[in-house]
Every structure is written in structure tokens, then in C-alpha cells.
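Notes to accompany the following structure.
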Amino acid sequence: MDRYAVLGHPIKHSLSPEIHTAFARQTGQDLEYEAIELPVTSFETRVWQMFRDGFRGFNVTVPFKKDAHDFADELTERAKRARAVNTLVQLEDGRILGDTTDGAGLVFDLEEQLGWSLENSHILILGAGGAVRGILESLLESNPAQVVLANRTLAKAEDLTDDFPEIAPSSFDELEGHFDIIINGTSASLSGHLPPLPEGLITSETRCYDMMYGKGETAFNRWAREQGAKECADGLGMLVGQAAVSFEIWRGVQPEPESVLKELRGQLK
């Protein structure tokens, strides 16, 4: 039986084993998938040992996405631009390929699951951390009219323009105008907080998306709904979407994410 795992610190909360086990059942793939918590200082040594022990691939989450980027022998173009990796796979010649599937998972959820059109849309992204860096390539490939990236510290937003010159950087307090889609890429919702956003960003036609998810409504989506947003969604669909892309990279088979997403959504209610 082929072995795979998600690596992180902490990792007990991960839904990835449940998702990939469901994908394997759907597609008739014989594999085992588990969650493994690594010490924060031993990524390279531990991952090499696990590959030698027979693991075929890994998902990688916080705080190891940059470590996985540096670990890989070869990178996809989107992983190079993101400077982060969330999927590792051992090729037939023994080299390790690194990819990032987060952006593809987000676009899948926005366009396929939610039916939100990205093309020609005016998009605001909140946050400039690693989670946001990983989604920018796929979002830009969807041909939006504008992507504004806002962060508490303007300099950090400006840093991303070195790799993504298409985006317009801003601080939170300098934001103005209206947007078709607002994506929260900060982790503030995990602690029940909000980025310090000015009034007036949301109209009755604005759709809001929080990359975080959990039981009940996130703090960001609650705020957006109270501001009159047309529609709000959390990041559970992105999680399932990025997992489906990783699964296809590993197994060469495309799973069907919709039923898995529906089952997980029911568990979180």
C-alpha cells in the first residue's frame, strides 16, 4: 500500500486524512494517508527519512511550506513564483518535485463551486503572508481586471510586487473604492478578530471569501454580511480543492471533490 501524509506543526486538527481517504475510496486507489507532526527544526532530515521508508508524497502545511520549497529538487513554475510548496512527490528517477496547489484549490472553489466569476473582476486581497503568496499566481491567471493587495504594513505588500508586478499594493487604512470580490488571507479570523478595514469597501454586489474555516461563521464573514455583502463563503472548499489537485499529481487520477466537500460541511454544522 502506498503511503502519503500531511506534515505540519501543529497538525492534529487536519482534515486532510479524511479528505484523501475519501478520494482513494472514490477512485479505487490503494493508499494510506496520515497526519504527522514534525518538530519545527528537523524538516529536511525527517522528510528524507520518510521518503527512504517508502512514503510516496506529502502535503505540507504551516510552518513548513518554505522548507518544502527549499527541499525540492525541482519546482513547478507556480511553486517557483510563490516561493512555497504544499505538495511533494518523488519522481521515477528519485528526484523530489515540489508544487503548490493552494491557488488552484481557491479558484476551483470560487468558480466551480460558488459560481463567482473572476475574469474582469475587481479583487481585494487582505494580507501579505505565505498563504496569500501561494494563491496569487492562480488568481492572476483568471484574468481579473484588478487585484489590490492590502496589508497592515505597506512595505510587506509592496514586497510581493517583486514577484507579482500585476498587483497593486496598499495598506489597510489607504483602501478606498468598491470591489467585486474581497478575499481575507489573514489568520485574524482564527482568533475572532478582523483586519482594521475602513468603511465603504462592500456594496450589495460584493462577494466575500475567508480562506479560514471552522464551525460556524468566521469573524470576517460575519462582518461582511453585516456590511451588506451579497454572498459570503469560507475556505473549506479551497481545502478540498487543493487536496484534489495534490491527489491527481500523486495518483494520475482526478477525484470528485463535491461529495467530499458536502460531507465535511455537514460535519462542521
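The values are calculated or read from the model by the stated rules, or taken from the named source; none is laboratory data. This is a predicted model, so every value here is computed, not measured. Every residue, glycine among them, receives a Cβ derived from its backbone with ideal geometry; neighbour counts consider all protein chains shown.
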Close pairs (6 angstrom Cβ cut-off, 6 or more residues apart or separate chains): within 15 Å of Y209 (Cβ to Cβ) in region 236-262, small (G, A, S) anywhere:
M238/G105; G241/G105; Q242/G105; L261/G237
Does R225 satisfy being in contact with a strand residue (DSSP E or B) (Cβ under 9 Å, 6 or more places away or on another chain) and within 22 Å of S117 (Cα to Cα)?
yes
Could you list, in sequence order, the residues of region 150-176 that are over 24 Å from S138 (Cβ atoms) and either surrounded by fewer than 13 Cβ atoms within 10 Å (Cβ to Cβ) or small (G, A, S) (or both)?
T153, A155, S171, D173, E174, E176
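If I ask for residues that are among the acidic types (D, E) and in contact with a helix residue (DSSP H, G or I) (Cβ under 6 Å, 6 or more places away or on another chain), which ones from region 38-60 would you list?
E44
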Selection count where residues are modelled with pLDDT of 90 or more and in contact with an Asp or Glu (Cβ under 8 Å, 6 or more places away or on another chain), scope region 184-197:
1
Please name all residue pairs, on different chains or six or more residues apart, with Cβ atoms under 9 Å, provided the first residue is in region 169-197 and is outside the structural domain of I123 (by TED's automatic domain parsing) and within 20 Å of G134 (Cβ to Cβ) and the second residue is small (G, A, S) and not in a loop (DSSP other than H, G, I, E, B).
none
